[in-house]
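**Student:** Sharing a structure, written as structure tokens. Questions coming.
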Amino acid sequence: MTIRAALVGAGAWGKNLARVVARNPRAQLVAIADPIPARRALVGAVAPEAVLVASIDEALGLGVDAVLIAAPPELHAALVGRALAGGADVFVEKPMATRLADAERCAARAKALGRVAMVGHLMRYHPTVERLIEVAASGEIGRLLRVESVRRSVAGDQRDRSLGALWALGPHDFSVIERIDASPRVSLRARVGPSGDPVDIEAELASGLFAEVSLARAALTKERRIRIAGRRGSVVFDDVLAPDRLFVNGRALRVPWEEPLAREVDHFFACIEARAQPRTSFEDGLTVVRALAEVEASIAAGREAASSGALLA
């Protein structure tokens with residue numbers, strides 16, 4: 001069975017999704033939906049057989065099996081709801097929602113309907129990150145003590161411009177950290193710049209693992225780095241300098257390369273065929289949104305405390 005798929009959202013990332021869906025042998029891209037004609041025409045050039053429409057409802061009307069959503073994040077929850085109500089399995093880019101209550105509703109609705117529902121946490125499909133997680137779990141570097149993640153973009157490298165650094169970049173890191181250690185957070189501290197950028201987060205997990213995450217959307221240099229330290233060594237991944245290798249206790253380990261986005265989309269379609277739960281299910285996406293909401297609450301509490309201190313002074 002060929003899966004009839006629709007893409008909703010024809011921005012820069014939507015174009016990437018259209019490319020990999022059009023090339024995937026499991027599926028046929030039958031519709032591209034976006035309210036802006038020029039954008040859907042541009043992305044439509046990647047998949048000439050797709051029907052170009054203005055809305056998700058028009059796409060669902062073509063009888064699709066699956067909807068892939070790459071619209072602005074503040075629209076994700078509403079579009080997920082429309083896709084589920086229209087009878088489709090759903091892939092939504094990260095974050096699955098920008099409010100915790102919306103993410104909870106999406107996850108509950110997808111489960112109740114028995115849909116295959118997946119969040120696009122791209123780093124979980126990166127071959128080198130997969131190997132990083134395997135090394136961390138193997139015991140090779142001993143009991144895990146600390147994970148440090150740095151994700152900084154330069155000013156011209158910004159999707160999701162409506163979001164601050166926490167919600168635009170943080171889902172990548174929290175998805176990976178949750179996979180490394182799903183222990184509850186026992187403490188959380190966050191510092192943020194005046195316009196929501198940069199964001200620096202420190203968390204201690206119940207297991208004893210200490211996590212540090214640094215996020216910025218307008219840094220001087222682009223950085224994408226994860227380091228895990230254990231009692232017997234460390235493993236480092238640098239997606240900018242060496243996306244196809246890890247450094248385990250200083251030793252380079254090359255990882256066979258496959259495009260993460262193509263692997264991610266193929267996983268979604270394979271789960272539809274098998275009616276299986278995806279690796280990054282809506283439950284996984286909800287866990288990430290919950291973590292981001294906790295950080296947001298910590299930032300708000302810090303601002304309130306600072307304001308109260310200023311008033312007392």
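**Student:** Could you tell me which of the residues Asp244, Asp266, Asp239 is buried (at least 18 other Cβ atoms within 10 Å of the Cβ) and over 25 Å from Val295 (Cβ atoms)?
**Tutor:** Testing whether each residue is buried (at least 18 other Cβ atoms within 10 Å of the Cβ) and over 25 Å from Val295 (Cβ atoms) leaves just Asp266.
**Student:** If I filter the range 124-147 for residues that are closer than 21 Å to Glu296 by Cβ, buried (at least 19 other Cβ atoms within 10 Å of the Cβ), modelled with pLDDT under 95 and not charged (D, E, K, R), do I get at least one hit?
**Tutor:** no
**Student:** For the structure I just gave you, tell me whether Ala47 is over 26 Å from Ala168 (Cβ atoms) and modelled with pLDDT under 95.
**Tutor:** Yes: the conditions hold for Ala47.
**Student:** So which residues in the range 84-113 are under 17 Å from Leu17 (Cα atoms) and aliphatic (A, V, I, L, M), if there are any at all?
**Tutor:** Filtering the range 84-113 for residues under 17 Å from Leu17 (Cα atoms) gives 89-96.
Answer for the range 84-113, where residues must be under 17 Å from Leu17 (Cα atoms) and aliphatic (A, V, I, L, M): Val90, Val92, Met96.
**Student:** Kindly indicate which of Ser195, Ser153 is of a type in the set (Ser, Thr, Tyr) and loosely packed, with under 14 Cβ neighbours inside 10 Å.
**Tutor:** Ser195
**Student:** A follow-up question, please. Under 7 Å between Cβ atoms, which residue pairs at least 6 apart in sequence (or on different chains) link something in the range 84-99 that is within 11 Å of Ala66 (Cβ to Cβ) with a partner that is part of a loop (DSSP other than H, G, I, E, B) and of a type in the set (Asp, Glu)?
**Tutor:** If the second residue must be part of a loop (DSSP other than H, G, I, E, B) and of a type in the set (Asp, Glu), the pairs left are Ala88/Asp65; Asp89/Asp65.
**Student:** Here's something else I'd like to know. If I filter the range 150-165 for residues that are basic (Lys, Arg) and part of a strand (DSSP E or B), do I get at least one hit?
**Tutor:** yes
**Student:** Taking only the range 11-49 into account, find how many residues are in contact with a helix residue (DSSP H, G or I) (Cβ under 6 Å, 6 or more places away or on another chain) and without any contact (Cβ under 8 Å) to a residue 60 or more places away in the chain.
**Tutor:** Residues in the range 11-49 being in contact with a helix residue (DSSP H, G or I) (Cβ under 6 Å, 6 or more places away or on another chain) and without any contact (Cβ under 8 Å) to a residue 60 or more places away in the chain: 11 in total.
**Student:** A follow-up question, please. Under the condition of being farther than 25 Å from Ala137 by Cβ and of a type outside the set (A, V, I, L, M), which residue from the range 203-222 is surrounded by the most Cβ atoms within 10 Å (Cβ to Cβ)?
**Tutor:** Here the answer is Arg217.
**Student:** Follow-up. For the range 209-293, which fully contained strands (runs of 3 or more DSSP E) count at least 2 residues that are touching a Phe, Trp or Tyr at 6+ places or on another chain (Cβ under 8 Å)?
**Tutor:** 223-230, 233-238, 242-248
The values are calculated or read from the model by the stated rules, or taken from the named source; none is laboratory data. Note that the coordinates shown come from a computational prediction; the quantities given were computed from them, not determined experimentally. Backbone-built Cβ (ideal geometry, glycine too); neighbour counts: all protein chains shown.
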